[in-house]
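Chemist: Dumping the structure here so I can ask a few things about it.
The values are calculated or read from the model by the stated rules, or taken from the named source; none is laboratory data. The shown structure was predicted, so the numbers you read here are calculated from the model rather than taken from an experiment. All Cβ positions, even for glycine, are placed from backbone atoms using ideal geometry, and neighbour counts span all protein chains on display.
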Amino acid sequence: MIKVEEAEAIIQAQARNYGVEVVPLEQALGRVLAIDLKADRDLPPFNRVAMDGIAIKYEAFKQGTRTFHINATQAAGDKPVEIYTLDACNEIMTGAALPTTVDTVIRYEDLEIKNGTATILTDEIKRGQNIHQQGKDKQAGDVVAPANKLIDAALIGVAASVGATELRVKTLPKVVVISTGDELVAIQDSPLPYQIRKSNTYTIQAALQKYKIEAELLHIPDDRQSIKQQLQKCLQKYDVIILSGGISMGKFDYVPEVLEDLEVKKLFHKVQQRPGKPFWFGKHANGVLVFALPGNPASTFMCLHRYFMPWLQKSIGLPEAKVYAALSIDFVFEAPLQYFLQVSLSINPKGQLIATPLAGNGSGDFANLVEANAFLELPAEKSNFKQGEVYRVWPFKPLV
Ligand SMILES: Nc1nc2c(c(=O)[nH]1)N[C@H]1C(S)=C(S)[C@@H](COP(=O)(O)OP(=O)(O)OC[C@H]3O[C@@H](n4cnc5c(N)ncnc54)[C@H](O)[C@@H]3O)O[C@H]1N2
Ligand code: MOO
Ligand SMILES: [Mg+2]
């Protein structure tokens, strides 16, 4: 049985670039930018007025002029109206392009406007004030968002401002999520007393939507022939197969042997961890990867977040994010397995990330995952974990 770190290294070594594709800007949220996005013009593209008021030449103020004749009123979006005398000003609005013949903006709060004139009521005026200088944020040609960034709302806005109607993004792998098990019924059905509803495939499908993967779902009964036929088809059609269930020691756990029959090379089976010990991972000669996750819902969930998600992040170019948290209380786990403790993360007033274990029913408590927001990874080498000790943590929900 291999260690968690070895399993992780084997999986991460299989990270693969699935290429690049173009999507409309409106569909790019959650995808990963594949190229450096550059400014098509300076940002801001002109000397942008930053306060509603008047624009003057500072020289006039310096020479003592306080009352200015209003030459024109310039709204945002108007072509700049030049001013050719020192005693004139333009009323000018936030967002307007500053005329080249003036250099200073005074806000309405510091003015009295009457009879076609504006009088400055303060002596606190600085040359160039209230102007957002052309190119101050970015120059034309500068990178406004680098490749390998997750596209969020802020990036969408920057892309729109540089005229990107489409974005080049990383192509996502084609994924199928398969449940196995004769005890499973469809969610709309009423299970018999000895049956349960399928849930793992829905969990996995939902988790993958974070990165916009639209996984297809499939169910296969615990029948060797059906498993073989269905998996054979999937090996031709998808880049990644995620299975749940059918991989442990049971008489009807056919998945590992069928995968090997189909020439999916086993890269490991069983990891020194709880939950999720029976995890199986392999690769077909055609490059298709198979993540066969243990069927217990909490194990499926943990393995998905601890192994599949980091593999996906690496494959689409996202940097690895390592997060650590301190245990809020002492905790004991005796078995020589890496323990993935369900915790609730919070930030204390000192700004430290604190992991509070959730009582629940241990690692297999699936319903508890609604309350938990992370797994704290407790090393297999230790049994007694003390309050304040810091361990790696795997958040699976936003903190706030
Ligand atoms: N003799 C041994 N038995 C078991 C061992 C072991 O080491 N020796 N390991 C246990 C561990 S740990 C786990 S985890 C499970 C893994 O079992 P499988 O991957 O073979 O999964 P199944 O047997 O098919 O199902 C296990 C459990 O999960 C439920 N399940 C499965 N699929 C779904 C689904 N899509 N939605 C909801 N629930 C699902 C299933 O009904 C079972 O209750 O093996 C232990 N046994
Ligand atoms: O993966 Mo298993 O029962 O440790 O849940
Ligand atoms: Mg089983």
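Chemist: Are any residues in segment 248-264 within 16 Å of ligand 2 (Cβ to nearest atom), among the hydrophobic types (A, V, I, L, M, F, W, C) and at pLDDT 95 or above, and if so, which ones?
Modeler: Answer for segment 248-264, where residues must be within 16 Å of ligand 2 (Cβ to nearest atom), among the hydrophobic types (A, V, I, L, M, F, W, C) and at pLDDT 95 or above: just Val255.
Chemist: Considering only residues of segment 62-104 that are assigned to a strand (DSSP E or B) and among the β-branched types (Val, Ile, Thr), which is nearest to Gln133 (Cα to Cα)?
Modeler: Thr104
Chemist: Report every pair of residues separated by at least 6 positions or lying on different chains whose Cβ atoms are under 6 Å apart, first residue within segment 140-166 and on the phi > 0 side of the Ramachandran plot, second in a loop (DSSP other than H, G, I, E, B).
Modeler: Asn148/Gly317; Gly163/Asp40
Chemist: Of all residues in segment 119-135 being in contact with a Leu (Cβ under 8 Å, 6 or more places away or on another chain) and part of a loop (DSSP other than H, G, I, E, B), which is surrounded by the fewest Cβ atoms within 10 Å (Cβ to Cβ)?
Modeler: Looking at residues that are in contact with a Leu (Cβ under 8 Å, 6 or more places away or on another chain) and part of a loop (DSSP other than H, G, I, E, B), I get Leu121.
Chemist: Cβ-Cβ under 8 Å, sequence separation 6+ or interchain: first residue in segment 232-256 and over 11 Å from Phe279 (Cβ atoms), partner hydroxyl-bearing (Ser, Thr, Tyr) and away from ligand 1 (no atom under 16 Å from the Cβ). Which pairs?
Modeler: Asp239/Tyr18
Chemist: Within the group Thr203, Thr180, which residue is touching a residue at least 40 places away in the same chain (Cβ under 8 Å), under 30 Å from Val332 (Cα atoms), within 9 Å of ligand 1 (Cβ to nearest atom) and of a type in the set (Val, Ile, Thr)?
Modeler: Criteria check complete, one pass: Thr203.
Chemist: Could you tell me whether segment 267-274 includes any residue that is farther than 24 Å from Phe375 by Cα and more than 13 Å from ligand 3 (Cβ to nearest atom)?
Modeler: yes
Chemist: State whether the residues of segment 292-301 include one that is within 16 Å of ligand 2 (Cβ to nearest atom), among the small types (Gly, Ala, Ser) and assigned to a helix (DSSP H, G or I).
Modeler: Yes, because at least one residue in segment 292-301 is within 16 Å of ligand 2 (Cβ to nearest atom), among the small types (Gly, Ala, Ser) and assigned to a helix (DSSP H, G or I).
Chemist: Could you please let me know if Leu318 is in a strand (DSSP E or B) and at pLDDT 95 or above?
Modeler: So Leu318 fails the test.
Chemist: Enumerate the strands (runs of 3 or more DSSP E) found wholly within segment 346-400, keeping only those where 2 or more residues are not hydrophobic (A, V, I, L, M, F, W, C). Spell out the reasoning first.
Modeler: Details: elements: 353-357, 374-378, 390-395.
Fully inside segment 346-400 and qualifying: 353-357, 390-395.
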